[in-house]
Structures are given as C-alpha cells and as structure tokens.
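Notes follow the structure.
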Amino acid sequence: MPQHVHRLLRGVVPRRLSNRWAVRGPVLVALLATATATSGAATAAPPSAAGPGDQALGTSVTVFDPSMPVAQIQAALDQTYAQQVDNEMGSTRHAFLFKPGTYGTEAHPLQVKVGYYTEVAGLGASPTDVTINGKVEVYNRCLADGGTSNCIALNNFWRTLSNLSLRINGAGQDGCRASADFWAVSQAVSMRRLDVSGANLSLMDYCTAGPQYASGGFIADSRLPFVINGSQQQWLTRNSEVAGWSNAVWNAAFSGVVGAPSEADFPNPAYTTLDRTPVSREKPFLFVDGQGRYAVRVPSAQRDSRGITWGDGLTAGRTIPLDDFFVARPGTSVREINTHLARGENLLLTPGVYDVDRSIDVKRADTVVLGLGHATLTSVGGAVPLEVGDVPGVVVAGVTVDAGTVESPALLRVGSKNGNNGASKDAATNPTTLSDVYFRVGGPHVGKTDVALEVNSDHVLVDHTWVWRADHGVEGFTQGVNGDTDRWRTNTGRTGVVVNGDDVTATGLFVEHFQRHNVVWNGERGTTVFFQNELPYDPPTQADWMDGDKLGWAAYKVGDHVKNHRLYAGGAYVFNQNNPSIHTENGFEVPLTPGVRLHHILTVNLSAGTIDHVVNGVGGPANTTRVGQPVYVTDYPTP
C-alpha cells in the first residue's frame, strides 16, 4: 500500500458532527432519456441500440449498451454526477444500467463517479456478465475554503452499486487516485453482487485534505480484493469473499464471509466475525435474458449461509418476467398501483419521488416490490405509505420511505397491527424480506411519524436498512429561530424500529436520532447482526430526555418479557449537541435472562453528553474525557 495509506491506518478517527449544509433552492436536473438527445449534452444509447424494454423503465433510467463509444457513456455519467454530487436533499433520482458486455479499455477506462440518489448496476444474470474496466467511485466532499478543506464522507448517503465485475484501472488518474478504487460513503449505501479485482478497494478517501471521516456501510454477496477500511467507523460485510481487510475503527462486522479476519483479539481490533449468517436472502435484481427481454431474479432465502451465491452458476431462486410487473412512475396514483397489485402483479418503482396519500397494500404472498434509483415514497396527509400483509415471501427492495408533514402512525408496517402476527407455515423458509429499504424523517422538509418501521409478522428478514430522523436538512428545516430546539418540537419521530413478530432477523440495522428508544424488540427469538446508532443530537433539556424516572432512552431495548434474543456487534453513540449536560443511563437495555445474549457491544462519545453505561449498568461512562474512544462489553451477560 502507498505510504500515506499506512499512515492513516495507524490512527483512530472519531466521528464529529455531521455538517449541516443547506441546499439552497431546487436543483433542476436534465434527465437523460434512453434514446433522446439534449442540446449540448451526450445522449444515452441511440435508438438502434435500445431494446423494446428500455423505454418501459422511464426517462430517469439510462441503459447502456457495450457497442456505445466509451466517451459517449463517460459524458452521460459525468453530466448526471455534476448535478447530483451536492444534491443531498434534492428530488432527482437516477439509475444507470449496463447491458451484458465490457465497458472501457486498458487505455481508455470508464471512470464512474456516483452522486446522491444514483444506482449503478449491471443487467447480467451473473456479475461476470458485465465488466467495467476502470473505476466506480465516491469521493469525500470538501466543504470549506472553496472546496479544498474539511473533506469528509460523513454525509455521502443514498447510492447503490451492484451486479457487475469491476476491473480497477486508474489510467489517467494521478498516483494517489490510481492507487485504489474509492468508495467513501456512510449510511444508506450498498454494494452487492460485485466481482472486484485489479487493485485495492478503499472505503475511505485518503487523497483529499483532512479530516477524511467516514461512517459506515454495507457489502453483500461480493468477491473483493484487499479492502482498506481506513477511517470507516463501522461496517458490515455479509456473505462475501475478501482477500484481506486492513483494520477496524469502532465496529467492523463480518457474517458468512470467506477470508474474514478473526475476532479473537476483540476489541483490538474491533472485529466481530460470524462464520455463517443465520438467515439471509440476496436482493432481487433486474437483468436481460439471452433474447433481450427484461426479468427480475428473486434469490431464495438461505439459512446458515456462507460466501457468494453466484460462484457456481445462477443464484438459486426464481425468475419473474418484467411483463408480470406493474411499472410505476412518479405521478402514478396509489389507487392504480393497488389495482394492479390486487390483480396479482408485482411492482417496479422507477426512479423519482412518489406522493402517497393512502397505503400501498401488498396482500399477496411472494409479491416483489422493487425500486430503481432510490425510488422514494413520501407520506401525504399522515398515510402509512407501505403496508405488507401477514403473508410469506414478500420482498421489498431498493425503496426509500419519507415521513410527511402530517404525522403518520408508521411509515412501513409488516403484518397487521392488531392481528395474530403470524404468516403461514411457509414463512420460516420463505421470509418476507426488506433489502436496502431506507427511512427518513425530515431533511428535505420537516417530517412526522410515531414509528418508522413496524414489524408485526413472524419470520421477517430486514437485510440492510437506515432508519434516520434527520439531524440536518435544507434551509427552513428547523421551522424556527432556535435551531435544534425547534427541530426537537417539529421534526418528530418517536421510535425508529418496533419488532413485535417472533423469529425476526436483521442484518445491518442502522437507526439514528429518534426521540425515544431507537429500537424496541418485543418478539421472541430475534437476531440482529450489526447495529449502529446515534442518539438524538437535539433534546433541549434532560426533562425532555427521560424514560419515566430513567435518564434517557436506551438506543436498543429488548422487551422485559422476552426470553430469547441475540445481538452481535452493536454500537450506540452520543452527541448531545443541544445540551451537553444531558445523560443517558444505558446504551442498551435487555432482560437479564439466560436466553438473551449480546456479543461485542459498545458506546462512544462523539464530543458532547454522556452515556453512563453500555448495558444494564455494566460498562463505564462514554463521556467527554474519552471522546472517540469506545467503551466495550465483550459479552453480556458474562459467560
């Protein structure tokens, strides 16, 4: 590795306050139609290269064909990136899809930079069907001194890379940039079904000025070279193969990963390694078959799994032709969507923002709801944007759900609130699954909800989610003159995730800033593999942050009646920016019973406030005497 990489890996980089930049005014983005030229801009595929299904995906999806010149593809990608690189709170969404073939050459590599609300994906049945010779990257954003300093990745959210082979080629880049493929990201970002080779993959951007902080992410079903974790404070890698891993900062977890580092020396380094993943199902993916027809592959659920699903051929599962999907676009009414769902169709949400004034109802077993390009459902009038019935095998993937300005009881509900909470006998082998489903309360506008994600059914799998009550947003977000105090009263989200069903599994549970418990787990035999949390920044006073007579609300609460529960690799962080004197008694609260076990948990102080204990009075305080230094509990209760 380059000398500057070795230097960076020696230090632990604490997370600071996420910068609050305002996006002033709407950013108008000229979308690229698949076969329509725009003045002064490169086009996507010419009509002769576009198949009949390309146009069905809408104008916010650009489909590339390997016959297109590299320069033409590069220009199209660069145009959208320039519009999206700073568009954190904007409404534009986009997907770039690559048909089977090779893109870029040794001499002229394709260099893809991925901005906000952008999906980059191959359209092959296997990741090896689409090869990018070049780079697919996310860099730090430099936010001061004209874009030359305060360079961080803390707010690099909402982007997706999947289902392709990346042959890293830095030709034409300077020495530092050519040294690795950079994926400097934080929450709501996934890498899935990748085959990466040619150089190191770096999860931080060490080529800019400091401080270069990064804050978490997710990889699944991928074959990777040596990975530089660098400043990434927490990360989950699931069911993959890695050639090596550089370091951990606070919480690096591996589940079912061939080549994963050992956890034997925890917490130095802070690795948590499960040999096999208890329950898994890979995310559905769009592909083009040998006849040029679009279809969606829906992988089967697995138990006690390890490694990639595509190494020996087609990923096990079922194929659904695109003709069996209702393809919705922003502006499509919920009534029309529900009519098609009731007819037995699946649902494909093309990129954009959908105003949802009544629930999208998914009532049929095995229904697939697949979003492209971070398709976003925004609650209108207090609606619950998405409801899933007590049925097995439903898959919701690639969808973001936003709270609206009128309070919703929930943003996504799985299973009836007052029903029997069961699904069917098939649910254990065919769980309803949420993959890359994200939630947002505030940010582009004030949001209000009681609960974000409510899981009432049994045998549900939550595979990577970020559930976020926003700590920053556009100008006017706080709706008042008192900053965070106003946001505490107006941008309201009481609980991030409530699990009432039994036998629910979460792999990659990121939940932040809610005003009571961030997670409440009432169901039996629940399992979480990796949990990341920040407590809210903005309680005005200790009186506003009390759970009865307890100081504050634990980030992760297992119900007092629960007899069996497992949590692996959990972290809760505190930054009481609004009032640094505030205390939280425990980061985690669980019943003291033999069947409830926590493995590798921690609390961290980010520079203000205090968490007095890690769990149930055990573990010392995370306070301002040890900023950025975790307090660890290896096992609770002690074996």
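Can you find, within segment 291-307, the residue that is surrounded by the fewest Cβ atoms within 10 Å (Cβ to Cβ) among those that are over 24 Å from Thr429 (Cα atoms) and in contact (Cβ under 8 Å) with a residue 12 or more places away in the chain? Reasoning before the result, please.
Taking segment 291-307 as the starting set, the residues that turn out to be over 24 Å from Thr429 (Cα atoms) are 291-294.
Checking the rest, the ones that are also in contact (Cβ under 8 Å) with a residue 12 or more places away in the chain come to 292-294.
Values: Gly292: 11, Arg293: 14, Tyr294: 23.
Going through the qualifying residues, I end up with Gly292.
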Going through segment 90-107 one residue at a time, which ones are free of Cβ contacts under 8 Å to residues at least 60 places away in the same chain and either at negative phi or of a type in the set (Ser, Thr, Tyr) (or both)? Phe96, Thr102, Tyr103, Thr105
Residue check, Gly595 under 22 Å from His472 (Cα atoms), in the same structural domain as Pro536 (by TED's automatic domain parsing) and modelled with pLDDT of 95 or more: no
Identify the single condition in (1) touching a Phe, Trp or Tyr at 6+ places or on another chain (Cβ under 9 Å); (2) surrounded by fewer than 24 Cβ atoms within 10 Å (Cβ to Cβ) that Gly493 does not satisfy, given that it satisfies every other one. (2)
For segment 146-190, enumerate the residues that are of a type outside the set (S, T, N, Q), assigned to a strand (DSSP E or B) and either over 22 Å from the mean Cα position of the chain (by Cα) or closer than 30 Å to Val288 by Cβ (or both). Arg159, Leu161, Leu164, Leu166, Arg167, Ile168, Ala180, Asp181, Phe182, Trp183, Val189
Output the residue which, of all residues in segment 439-462 that are within 14 Å of Leu412 (Cβ to Cβ) and of a type in the set (Asp, Glu), is farthest from the chain's Cα centre (by Cα). Asp450
Considering only segment 315-325, I want to know if a residue exists there that is under 21 Å from Asp402 (Cα atoms) and at pLDDT 95 or above. no
When you scan segment 97-106, do you find a residue that is crowded, with 22+ Cβ neighbours inside 10 Å, assigned by TED's automatic domain parsing to the domain that holds Cys176, touching a helix residue (DSSP H, G or I) at 6+ places or on another chain (Cβ under 8 Å) and aliphatic (A, V, I, L, M), even just one? yes
Read through the list (1) β-branched (Val, Ile, Thr); (2) farther than 14 Å from Leu412 by Cβ; (3) touching a residue at least 24 places away in the same chain (Cβ under 8 Å), then give the number of the only condition that Thr332 fails. (3)
Quick one: in segment 506-552, of everything that is small (Gly, Ala, Ser) and touching a residue at least 12 places away in the same chain (Cβ under 8 Å), which residue is nearest to Gln187 (Cα to Cα)? Gly508
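Restricting to segment 103-145, and then to whatever is of a type in the set (Gly, Ala, Ser), closer than 18 Å to Leu164 by Cα and in a strand (DSSP E or B), can you tell me which residue is farthest from the chain's Cα centre (by Cα)?
Step one: filter segment 103-145 for residues of a type in the set (Gly, Ala, Ser), giving 104, 107, 115, 121-122, 124-126, 134, 144.
Then keep just the ones that are closer than 18 Å to Leu164 by Cα; that gives 104, 121-122, 124-126, 134.
If we keep only those that are in a strand (DSSP E or B) as well, we get 121-122, 134.
Values: Ala121: 16, Gly122: 19, Gly134: 25 Å.
So the residue we want is Gly134.
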Residues being more than 20 Å from Val388 (Cα to Cα) and surrounded by 13 or more Cβ atoms within 10 Å (Cβ to Cβ): count how many of those fall in segment 322-346. 3
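How many of the residues in segment 352-371 are more than 19 Å from Gly404 (Cα to Cα) and part of a loop (DSSP other than H, G, I, E, B)? Before you say what the answer is, go through the steps one by one.
Within segment 352-371, the first condition is being more than 19 Å from Gly404 (Cα to Cα), and the residues that meet it are 362-371.
Of the ones still in play, those that are also part of a loop (DSSP other than H, G, I, E, B) are 363-367.
Looking only at that region, the number is 5.
Return the only residue of Ser222, Ser240, Ser305, Ser280 being within 30 Å of Gly344 (Cα to Cα) and among the small types (Gly, Ala, Ser). Before you say what the answer is, go through the steps one by one.
Details: Ser222 fails: within 30 Å of Gly344 (Cα to Cα); Ser240 fails: within 30 Å of Gly344 (Cα to Cα); Ser305 fails: within 30 Å of Gly344 (Cα to Cα).
Residue meeting the stated conditions: Ser280.
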When you scan segment 524-639 for strands (runs of 3 or more DSSP E) that lie fully inside it, which ones turn up with 1 or more residues that are farther than 30 Å from Arg489 by Cβ? 526-534, 565-575, 596-608, 610-615, 631-636
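If you go through segment 64-89 one residue at a time, how many are in contact (Cβ under 8 Å) with a residue 40 or more places away in the chain and either under 17 Å from Gly352 (Cβ atoms) or among the acidic types (Asp, Glu) (or both)? Write out each step before concluding.
To start, the set of residues in segment 64-89 that are in contact (Cβ under 8 Å) with a residue 40 or more places away in the chain comprises 70, 76, 79-80, 83-89.
Then keep just the ones that are either under 17 Å from Gly352 (Cβ atoms) or among the acidic types (Asp, Glu) (or both); that gives 80, 83-84, 86-89.
So the answer is 7.
The values are calculated or read from the model by the stated rules, or taken from the named source; none is laboratory data. Computed from a predicted structure; not experimentally measured. Don't worry about glycine lacking a Cβ; one is built from the backbone with ideal geometry, like all the others, and counts go over all protein chains shown.
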